[in-house]
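Scroll down for the structure; my scribbles are underneath it.
The values are calculated or read from the model by the stated rules, or taken from the named source; none is laboratory data. None of the values given here were measured: they were computed from a predicted structure. Here the Cβ is made from the backbone with ideal geometry for all residues, glycine too, and neighbour counts use every protein chain on show.
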Amino acid sequence: MGRLRDKINRFRDDLSRTKYPDSGVTPLSPAEVRDALLAINGSDVSISVRGSSRSDAATLLAEWRVWEPAWGSARSRKQLERKFHVWMRLDPAKCEVQSIDEQWKVMWVGDPPKFAVSREHGRGQIFEVSWESEFQRGSDGRRRKVETFRFDTRLMKKPLRDAVLGAGWIWRGLGKNEW
């Protein structure tokens, strides 16, 4: 029965993207973990980490806002705005940071964008990748495919998760009904 329970727990950890620190890493204090997460602001990542003002026990918020390249022209011009949040709660008793993702997508129309024609919202452990590419001529005159835009939620969460694991704490992803 114990081996089955271990397999179920490992499966649950895989689904929630829970990661454990390397063995031998001494857990830092909650204040040091918070400082490590806030220090991500000064690095070369395109996210903003700050203290949370929400009353539902969220300690920190990491935010990423991006506009995808527009397509179409004049009144039919469309542009997608994405806001991606990672809410984090520190649990000193378990030495873990619990996280939940939240994403908004708004499709704007017009030049400049004025009217929102569609909205989407998601909450839980969100994994999404989208990109745009175009063909360009290289220096040798041959056509090649060049990526012009990329949205990848892993790029945002990786520095957060690495900071938590480096502090000796567990990174635990929560589902939308677990927060």
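Consider the stretch 128-145. How many of its residues are surrounded by 12 or more Cβ atoms within 10 Å (Cβ to Cβ) and assigned to a loop (DSSP other than H, G, I, E, B)?
1
Taking the options ARG119, ARG161, ARG89, name whichever one is over 14 Å from the mean Cα position of the chain (by Cα), closer than 30 Å to PRO27 by Cβ and not in a loop (DSSP other than H, G, I, E, B).
Numbers: ARG119 fails: closer than 30 Å to PRO27 by Cβ; ARG161 fails: over 14 Å from the mean Cα position of the chain (by Cα).
Being over 14 Å from the mean Cα position of the chain (by Cα), closer than 30 Å to PRO27 by Cβ and not in a loop (DSSP other than H, G, I, E, B) holds for just one of ARG119, ARG161, ARG89, which is ARG89.
For the stretch 65-84, name all the residues that are among the basic types (Lys, Arg), surrounded by 14 or more Cβ atoms within 10 Å (Cβ to Cβ) and either under 25 Å from the mean Cα position of the chain (by Cα) or modelled with pLDDT of 85 or more (or both). Working first, answer last.
Within the stretch 65-84, the subset among the basic types (Lys, Arg) is 65, 75, 77-78, 82-83.
With the extra rule that they be surrounded by 14 or more Cβ atoms within 10 Å (Cβ to Cβ), the set shrinks to 77-78, 82-83.
LYS78, ARG82, LYS83, listed by residue number.
Of the numbered conditions (1) at pLDDT below 90; (2) farther than 22 Å from LYS78 by Cβ, LYS158 fails exactly one; give the number of that condition.
Of (1) at pLDDT below 90; (2) farther than 22 Å from LYS78 by Cβ, only one is false for LYS158: (1).
List the pairs whose first member sits in the stretch 1-20 and is more than 26 Å from VAL86 (Cβ to Cβ), whose second member is modelled with pLDDT under 80 and not aliphatic (A, V, I, L, M), and whose Cβ atoms are under 8 Å apart, counting only residues at least 6 apart or on separate chains?
Listed by first residue and then by second, the contacts come to nothing, as the list is empty.
All but one of (1) assigned to a strand (DSSP E or B); (2) surrounded by fewer than 16 Cβ atoms within 10 Å (Cβ to Cβ); (3) not basic (Lys, Arg) hold for ASP111, so report the exception by its number.
ASP111 satisfies all of (1) assigned to a strand (DSSP E or B); (2) surrounded by fewer than 16 Cβ atoms within 10 Å (Cβ to Cβ); (3) not basic (Lys, Arg) except (1).
Name the residue, out of ALA58, ALA36, that is at pLDDT below 85, surrounded by 14 or more Cβ atoms within 10 Å (Cβ to Cβ) and either in a strand (DSSP E or B) or not charged (D, E, K, R) (or both). Even if it seems obvious, please write down each step before you answer.
Working: ALA36 fails: at pLDDT below 85.
Matching residue, one of ALA58, ALA36: ALA58.
Go through the stretch 151-179 and give me each residue that's among the small types (Gly, Ala, Ser) and under 16 Å from GLU32 (Cβ atoms). Write out each step before concluding.
Here is the first cut: in the stretch 151-179, the ones among the small types (Gly, Ala, Ser) are 163, 166-168, 173, 175.
Those that are among the small types (Gly, Ala, Ser) and under 16 Å from GLU32 (Cβ atoms): ALA163, GLY166, ALA167, GLY168.
Restricting the first residue to the stretch 108-137 and requiring it to be in contact (Cβ under 8 Å) with a residue 40 or more places away in the chain, which pairs with a second residue that is surrounded by 12 or more Cβ atoms within 10 Å (Cβ to Cβ) and of a type in the set (A, V, I, L, M) meet a Cβ separation below 7 Å and a spacing of at least six or different chains?
Final answer for the pair search is ARG123/ILE100; GLY124/ILE100.
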